[in-house]
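Notes follow the structure.
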Number of protein chains: 2
Amino acid sequence: MTKDAVQGAAEEADQAQSKKGLKKQQKEAEKAAKKAEKQAKLAADTQSTDEDDFAKDRYGVPQMVQSQQKLDRVLVRVQKLTPEKADQLIWVRARVHTSRAKGKQCFLVLRQQQFNVQALVAVGERASKQMVKFAANINKESIVDVEAMVRKVEQKIESCTQQDVELHIERIFVISQAEPRLPLQLEDCVRPDGEGDEDGRATVNQDTRLDNRVIDLRTTTSQAIFRLQSGVCQLFRDTLTNKGFVEIQTPKIISAASEGGANVFTVSYFKTSAYLAQSPQLYKQMCICADFDKVFCVGPVFRAEDSNTHRHLTEFVGLDIELAFNYHYHEVIESITDTMVQIFKGLRDKFQTEIQTVGKQYPSEPFRFLEPTLRLEYTEGVAMLREAGVDMGDEEDLSTPNEKLLGRLVKEKYDTDFYVLDKYPLAVRPFYTMPDPNDKKYSNSYDMFMRGEEILSGAQRIHDAQLLTERAIHHNIAYFYYVTNTLVAGKIKSYIDSFRYGAPPHGGGGIGLERVCMLYLGLHNVRQVSMFPRDPKRLTP
Amino acid sequence: MTKDAVQGAAEEADQAQSKKGLKKQQKEAEKAAKKAEKQAKLAADTQSTDEDDFAKDRYGVPQMVQSQQKLDRVLVRVQKLTPEKADQLIWVRARVHTSRAKGKQCFLVLRQQQFNVQALVAVGERASKQMVKFAANINKESIVDVEAMVRKVEQKIESCTQQDVELHIERIFVISQAEPRLPLQLEDCVRPDGEGDEDGRATVNQDTRLDNRVIDLRTTTSQAIFRLQSGVCQLFRDTLTNKGFVEIQTPKIISAASEGGANVFTVSYFKTSAYLAQSPQLYKQMCICADFDKVFCVGPVFRAEDSNTHRHLTEFVGLDIELAFNYHYHEVIESITDTMVQIFKGLRDKFQTEIQTVGKQYPSEPFRFLEPTLRLEYTEGVAMLREAGVDMGDEEDLSTPNEKLLGRLVKEKYDTDFYVLDKYPLAVRPFYTMPDPNDKKYSNSYDMFMRGEEILSGAQRIHDAQLLTERAIHHNIAYFYYVTNTLVAGKIKSYIDSFRYGAPPHGGGGIGLERVCMLYLGLHNVRQVSMFPRDPKRLTP
């Protein structure tokens, strides 16, 4: 589906770029090509003129893999290099993690994702002096194919994940050359905070990591974080699918701001303009009105908030849930908290390695949760805060520091890192929130917290078109009005209209994927759990 | 996470709306509220003054469900109403699909998603004349709670999914009132094309359906389509997870157009501007460079193409795959085709009901596929077309009609609706496509087709920074240049940089979810399989 794009790109570039610039580029390209040719020739010459080298076919830089041939060769995964493979001659493709020449030997650590193994090339029957030198000169992070004999070792190799074997290399070929100077060192990226300062070793600041994210993501810590994140999504979906939920896909380009007009990105849309969805809120509710009964979706949500904090992103992944209930929205709370508990249990049971790997660099207390989940009412929370000396009004929203303080108080009293705060003041919630039938100051709405930070906001929604209209007008949310049973005009007309032809009572919530991962792992910055984070100051890579 | 939004919305609305408008709105709201109150009073009066009605507590319109109480009542699913439940008194919540009064009886069909059951209220011990009248007057699509005795029927009820029982209603309460006039009728929405014309009955045109999508989605056809679509996503992910793939989340707001500068939506991003990702292409490749080895993602992709065809959307869902391979990109093709085959088998085995439901309205031949998947080379395809009388050049791209024709020729010759066309001309592919090492006119790239329409475009990608730079310059793709081994400036610098520190050979492809669903089901418009489609002319609902 990308064929047309190329031509279009060419046209756009034509306009944007002067002919002079183009010529310069072509010149540079020619220059680069010539240089590459020269280097290749040099490499070839070196090898072919060295007549003394009996091992000359056993190493080198072959042609770029361009699918010239289908090799039958089996490549063994580093993870599978165990004593059972001892004394077998095998092929492995891996990165050169480190290399260290030592007399007539060269020790390498070969890495494949989170796994690594020690390897050595030693001058002997299968390797020449030149071959050892070649191996020693391979740049770190290059990708190599090695043929090697697997040998058991007497003393465990503590520095590698494969501790019981090492590889005795008999052939080594470079599949992809890394440049000699890396913009940052992997070992600096995984050093625990603080250690760098004490020992005078470097740590890498976050912007440098993010600027070079492709290398930063290669660390054991990053590999563990994003494998765990993939697990959160899977656990979320599997739990809900088992509960009978249907996955939906909602549009991200929308004509009306779903959560109101502020904090919304504008998109130019042909001859008009549109917005980026701040949540799938209106659409997942429309699916409930359309009889899907229980729905979830996983997708990007966009917030044009100029907040440069540890927990705000302008684009993040929403795990959204919406479901019809029978008589009380606590049915919804139970469904969501049970889903969260299934996620926590799944992580605890299936991702222990990842949790421990992250813990090595970022130590934290194991995540605690209760079954069933603790539910406190807002007024109880406020009372606990007041008891702790906080001065706040009944209908006042919780500030971030107060949320955190309340998290600590709850942890002390109930020993849980996860709880629900129920029945928020109506005034601090969105227009579509169902008011509490017993007290107009409050609402049938809730937030959920992990380690004292909000990860979900949810509520019973108003399922009556007339009440919804009144609340929207009260909030000045849109330009429509309700005249004798007919909605006239208005940007969220199609949303309100959804409730005019029968709608069941329903509720739901939206979970921030990155926050769940960050807080579960006890990390302190949401950028660590976003592969390519977006904030007001970062749009690349 | 939506609390701040409300205030922002209020501010925005304040600016946008005059005070006069506000007053008008308030007046209208008050008017509407008064009217509602009056109606409620009237309803209450009617009931309470009707002293003769012994059944007056057995029906009515109770207060809106606002979570006033936690009822212990079990609601039985319509799907579970089988002869095993005979002679049990049960509660059901469902929509009034149809109602028909007949003397002292009222027959209703109660619907819950794709399931429905016949019910009746008859004047007798448990129901008064007034109650029957009340039931007969409930607007279609309203949601009701009924208490009823399940009774076996002697003759199968052919018009319902629950054919062996009917419900004898003893209580009936309206949970949500539908307005009396529906903008379109469900039975008109599911009528097979053409039938409307023959019998003089209405069919509903697509724009009317989409304008009233929430009702259109309630039909058995729509329910089946989107449950099957949910299944495609699940099968896609489960298959890949079992193959060891990791799910990734890639940013949709990007600083450089991933597929070139044309067809890209622009977003205002604080003080600068950005683009909406046309694909996760660059990011999934960066994940490969970052050692994730095999990745997939499911998410929206955006194309600002002003194409108003049956198969183009401006926003659709991409099922994307990228993986490192060993020696030949056919390893990638095999991985993708196997995934597709698993999806086809899963649909065939688990979604037969949905397939047949859709087939009732839109008849089509069952989808045929081979194992292993048929792979033809581009030159073979061109030869077949030429044999069929098509005049085209070797390096010419396939036009849509030629793609369809080739699909028919392939179906005739090989009896498959799914095949791969391999080795496209280099000239018609994106800049990051690996050239064929044996013939510079061609490339290591492929498309996959279902019923003669493209559903996937993919290739071996260039994993060498220098060659990638040369190809990008050749395509005028961006404003950068390569000087003595260092990339300077340029919008896709961070992408090209990803290949400078070791990158494995890799390839992949992007699948259009909606097209897969459309073509698998033999439908003819992609809007039928997009819940809330976006095209150049449609931004709502």
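Output the residues belonging to segment A:384-407 that are surrounded by fewer than 13 Cβ atoms within 10 Å (Cβ to Cβ) and more than 16 Å from A:ASP422 (Cβ to Cβ). Before you say what the answer is, go through the steps one by one.
In the first step, residues of segment A:384-407 are kept if they are surrounded by fewer than 13 Cβ atoms within 10 Å (Cβ to Cβ); the result is A:386-389, A:391, A:393-394, A:399-401.
Scanning segment A:384-407 gives A:ARG386, A:GLU387, A:ALA388, A:GLY389, A:ASP391, A:GLY393, A:SER399, A:THR400, A:PRO401.
Residues checked against (1) buried (at least 17 other Cβ atoms within 10 Å of the Cβ); (2) within 13 Å of another protein chain (Cβ to nearest Cβ); (3) within 30 Å of A:VAL190 (Cβ to Cβ):
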site: A:SER268; (1), (2), (3): no, yes, no
site: A:SER273; (1), (2), (3): no, yes, no
site: A:GLN285; (1), (2), (3): yes, yes, no
site: A:SER307; (1), (2), (3): no, yes, yes
site: A:ARG311; (1), (2), (3): yes, yes, yes
site: A:PHE325; (1), (2), (3): yes, yes, no
site: A:ILE333; (1), (2), (3): yes, yes, no
site: A:LEU347; (1), (2), (3): yes, no, yes
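Restricting attention to segment A:239-255, the residues being touching a residue at least 24 places away in the same chain (Cβ under 8 Å) and either more than 9 Å from chain B (Cβ to nearest Cβ) or of a type in the set (Phe, Trp, Tyr) (or both) number 5. Test each condition in (1) assigned to a strand (DSSP E or B); (2) hydrophobic (A, V, I, L, M, F, W, C); (3) at pLDDT 95 or above for B:ALA135 and report the one that comes out false. Every condition holds for B:ALA135 apart from (1).
Considering segment A:494-539 alone, what residues qualify as being touching a residue at least 24 places away in the same chain (Cβ under 8 Å), in a loop (DSSP other than H, G, I, E, B), open to solvent by 20 Å² or more (accessible area, probe 1.4 Å) and more than 23 Å from A:TYR327 (Cα to Cα)? Answer for segment A:494-539, where residues must be touching a residue at least 24 places away in the same chain (Cβ under 8 Å), in a loop (DSSP other than H, G, I, E, B), open to solvent by 20 Å² or more (accessible area, probe 1.4 Å) and more than 23 Å from A:TYR327 (Cα to Cα): A:HIS524, A:ASN525, A:PRO536, A:LYS537.
If we keep just the residues of segment A:225-244 that are among the hydrophobic types (A, V, I, L, M, F, W, C) and open to solvent by less than 10 Å² (accessible area, probe 1.4 Å), which is farthest from the chain's Cα centre (by Cα)? Walk me through how you get there before you give the answer.
Applying the first criterion (among the hydrophobic types (A, V, I, L, M, F, W, C)) to segment A:225-244 yields A:225-226, A:228, A:232-233, A:235-236, A:240.
With open to solvent by less than 10 Å² (accessible area, probe 1.4 Å) added as a condition, the list becomes A:225-226, A:228, A:232-233, A:236, A:240.
Details: A:ILE225: 8, A:PHE226: 6, A:LEU228: 9, A:VAL232: 10, A:CYS233: 10, A:PHE236: 15, A:LEU240: 21 Å.
By that ranking, first place goes to A:LEU240.
From the set of residues in segment B:145-165 that are in contact with a Lys or Arg (Cβ under 7 Å, 6 or more places away or on another chain) and open to solvent by less than 30 Å² (accessible area, probe 1.4 Å), which is farthest from the other protein chains (Cβ to nearest Cβ)? Checking each candidate, the answer is B:VAL165.
What do you reckon, is A:VAL301 in contact (Cβ under 8 Å) with a residue 24 or more places away in the chain, at the interface with chain B (Cβ under 9 Å from one of its Cβ atoms), in contact with a Gly (Cβ under 6 Å, 6 or more places away or on another chain) and closer than 30 Å to B:ASP293 by Cα? It is true that A:VAL301 is in contact (Cβ under 8 Å) with a residue 24 or more places away in the chain, at the interface with chain B (Cβ under 9 Å from one of its Cβ atoms), in contact with a Gly (Cβ under 6 Å, 6 or more places away or on another chain) and closer than 30 Å to B:ASP293 by Cα.
Condition check ((1) over 30 Å from A:LYS284 (Cβ atoms); (2) hydrophobic (A, V, I, L, M, F, W, C)) across all residues:
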| residue | (1), (2) |
| --- | --- |
| A:LEU370 | no, yes |
| A:MET384 | yes, yes |
| A:VAL410 | no, yes |
| A:ARG429 | no, no |
| A:LYS440 | no, no |
| A:ASP447 | no, no |
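Only one of the numbered conditions (1) touching a helix residue (DSSP H, G or I) at 6+ places or on another chain (Cβ under 6 Å); (2) open to solvent by less than 60 Å² (accessible area, probe 1.4 Å); (3) closer than 22 Å to B:TYR501 by Cα is not met by A:ALA101, and that is (2). Taken together, the residues in segment A:65-98 that are in contact (Cβ under 8 Å) with a residue 40 or more places away in the chain and open to solvent by less than 60 Å² (accessible area, probe 1.4 Å) amount to 17.
Residue-by-condition table, conditions (1) over 29 Å from B:PHE367 (Cα atoms); (2) away from chain A (no Cβ under 11 Å); (3) open to solvent by 20 Å² or more (accessible area, probe 1.4 Å):
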residue	(1), (2), (3)
B:THR416	no, yes, no
B:VAL420	no, yes, no
B:LYS423	no, no, yes
B:PRO430	yes, no, no
B:THR433	yes, no, no
B:ASN438	yes, no, yes
B:TYR446	no, yes, no
B:SER457	no, no, no
B:GLN460	no, no, no
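Of the residues making up segment A:100-113, not a single one is among the β-branched types (Val, Ile, Thr) and more than 20 Å from A:ASP164 (Cα to Cα).
Among the residues of segment A:339-365, those that are of a type outside the set (Lys, Arg) and in contact with a Gly (Cβ under 9 Å, 6 or more places away or on another chain) comprise A:ILE343, A:GLY346, A:LEU347, A:PHE351, A:GLU354, A:VAL358, A:GLY359, A:TYR362, A:PRO363, A:SER364, A:GLU365. Figure legend. Inter-residue proximity from segment B:260-289: first residues in the same structural domain as B:PRO504 (by TED's automatic domain parsing) and more than 16 Å from B:ALA304 (Cβ to Cβ), second residues modelled with pLDDT of 90 or more and part of a loop (DSSP other than H, G, I, E, B), beta-carbon distance below 6 Å, spacing 6+ or different chains. Indicated pairs: B:PHE270/A:PRO536; B:PRO280/B:THR250; B:TYR283/B:THR250; B:MET286/B:SER498; B:CYS287/B:ILE248; B:CYS289/B:SER498; B:CYS289/B:ALA503. Against the definition (assigned by TED's automatic domain parsing to the domain that holds B:ASP349 and modelled with pLDDT of 85 or more), how does B:ILE511 come out, yes or no? The answer is yes for B:ILE511.
Filter segment A:522-540 down to the residues that are at pLDDT 95 or above, more than 16 Å from A:ASP216 (Cβ to Cβ) and more than 12 Å from chain B (Cβ to nearest Cβ) and list them by number. Result: A:GLY522, single match. If only residues of segment A:360-383 that are under 19 Å from A:GLU454 (Cβ atoms) and open to solvent by 30 Å² or more (accessible area, probe 1.4 Å) are counted, the one that is nearest to the chain's Cα centre (by Cα) is A:SER364.
So, in segment B:179-195, of the ones that are in contact (Cβ under 8 Å) with a residue 40 or more places away in the chain and touching a Ser or Thr at 6+ places or on another chain (Cβ under 8 Å), which residue ends up nearest to the other protein chains (Cβ to nearest Cβ)? The extreme case among them is B:LEU186. Do we have B:PHE296 as modelled with pLDDT of 95 or more, open to solvent by less than 20 Å² (accessible area, probe 1.4 Å), among the aromatic types (Phe, Trp, Tyr) and on the phi < 0 side of the Ramachandran plot here? So B:PHE296 fits the description; yes.
The values are calculated or read from the model by the stated rules, or taken from the named source; none is laboratory data. All values reported here derive from a predicted model rather than from experimental measurement. Positions of Cβ are backbone-derived with ideal geometry, glycine not excepted, and every protein chain shown enters the neighbour counts. All accessible areas refer to the heavy atoms of the entire protein, side chains included, with ligands and DNA or RNA removed. Shrake-Rupley method; radii C 1.70, N 1.55, O 1.52, S 1.80 Å.
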